[in-house]
1. Considering only the stretch 54-71, state which residues are among the β-branched types (Val, Ile, Thr), touching a Lys or Arg at 6+ places or on another chain (Cβ under 9 Å) and surrounded by 18 or more Cβ atoms within 10 Å (Cβ to Cβ).
2. When you look at Met1, is it aliphatic (A, V, I, L, M) and modelled with pLDDT of 95 or more, yes or no?
3. Give me the residue from the stretch 77-128 that is assigned to a helix (DSSP H, G or I), hydroxyl-bearing (Ser, Thr, Tyr) and modelled with pLDDT of 80 or more and, out of that set, surrounded by the most Cβ atoms within 10 Å (Cβ to Cβ).
4. If the Cβ limit is 7 Å and pairs must be 6+ apart or interchain, which residue in the stretch 135-157 that is in contact (Cβ under 8 Å) with a residue 40 or more places away in the chain pairs with which residue that is assigned to a loop (DSSP other than H, G, I, E, B) and of a type in the set (S, T, N, Q)?
5. Only one of these conditions is not met by Pro74: (1) crowded, with 17+ Cβ neighbours inside 10 Å; (2) modelled with pLDDT of 95 or more; (3) over 15 Å from Thr138 (Cα atoms). Which number is it?
6. Can you tell me which residue is surrounded by the most Cβ atoms within 10 Å (Cβ to Cβ) among those in the stretch 29-53 that are closer than 11 Å to Arg92 by Cβ and free of Cβ contacts under 8 Å to residues at least 40 places away in the same chain?
7. Can you tell me which residue is modelled with the highest pLDDT among those in the stretch 4-58 that are over 30 Å from Asp127 (Cβ atoms) and among the hydroxyl-bearing types (Ser, Thr, Tyr)?
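The values are calculated or read from the model by the stated rules, or taken from the named source; none is laboratory data. On a predicted model such as this, the values are computed, not experimentally measured, just so you know. Backbone-built Cβ (ideal geometry, glycine too); neighbour counts: all protein chains shown.
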Amino acid sequence: MSERYSETERIYDELLLARVQAGDSRAGERLAARWYPRLMRTACRLLRDEEQAGVAVQEAWTGICRGWRTLRDPARFPAWAYTILHHKCADRIRRNQRQRHWIGEGVSDPVVPPAGEARVTITQAFDSLSDDHRTAATLYFSEGLTIGEIAVVTAVPVGTAKSRLFHARRQLKAALDDVQFDEGE
């Protein structure tokens, strides 16, 4: 997993956004370069499909670019950007479910490692979480958002975000308790 989103990175992104709002297109390009990998990583975790994640990120970035001049508080940029991405990913999930329904396919179960397997990867552990728990865990552990920001992104009360993260942590811990990681991992 990546390092948490540092205070220095937050301040730098706020500065870039303020420059974008002042009309600096190069600052917008820099912000896009910094945020594309973050949004892509999150979308891949949420959608479990790189191609769909790429489309969702592109749609999200279009919405971000369209609205960033109106964002009054640059400090809210991370939660705001992830909220837009979350909505685009949710739209794709709903679209996929409708298509499976029309085609007659059932909704597939999350990938769960077979019993007795000696090693469980972090990706498999994340994949075994429910959508809500995976979203909370991804935003917290991978993207460094606070519980309050996660609540904003997922449009739930802070207590619900806290509960989802608690349950995700518990499930991840249970899935990874017996895993022995090599020194190189």
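1. Of everything in the stretch 54-71, just one residue is among the β-branched types (Val, Ile, Thr), touching a Lys or Arg at 6+ places or on another chain (Cβ under 9 Å) and surrounded by 18 or more Cβ atoms within 10 Å (Cβ to Cβ), namely Val57.
2. no
3. It comes out as Tyr82.
4. Ser142/Ser2
5. Single failed check for Pro74: (2).
6. So the residue we want is Ala53.
7. Tyr12
Yes or no, residue by residue, for (1) in the same structural domain as Lys88 (by TED's automatic domain parsing); (2) surrounded by fewer than 22 Cβ atoms within 10 Å (Cβ to Cβ); (3) in contact with a helix residue (DSSP H, G or I) (Cβ under 7 Å, 6 or more places away or on another chain):
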{"position": "Thr135", "(1), (2), (3)": "no, no, yes"}
{"position": "Thr138", "(1), (2), (3)": "no, no, yes"}
{"position": "Leu145", "(1), (2), (3)": "no, no, yes"}
{"position": "Ala155", "(1), (2), (3)": "no, yes, no"}
{"position": "Val158", "(1), (2), (3)": "no, yes, yes"}
{"position": "Ala161", "(1), (2), (3)": "no, no, yes"}
{"position": "Arg164", "(1), (2), (3)": "no, no, yes"}
{"position": "Leu172", "(1), (2), (3)": "no, yes, yes"}
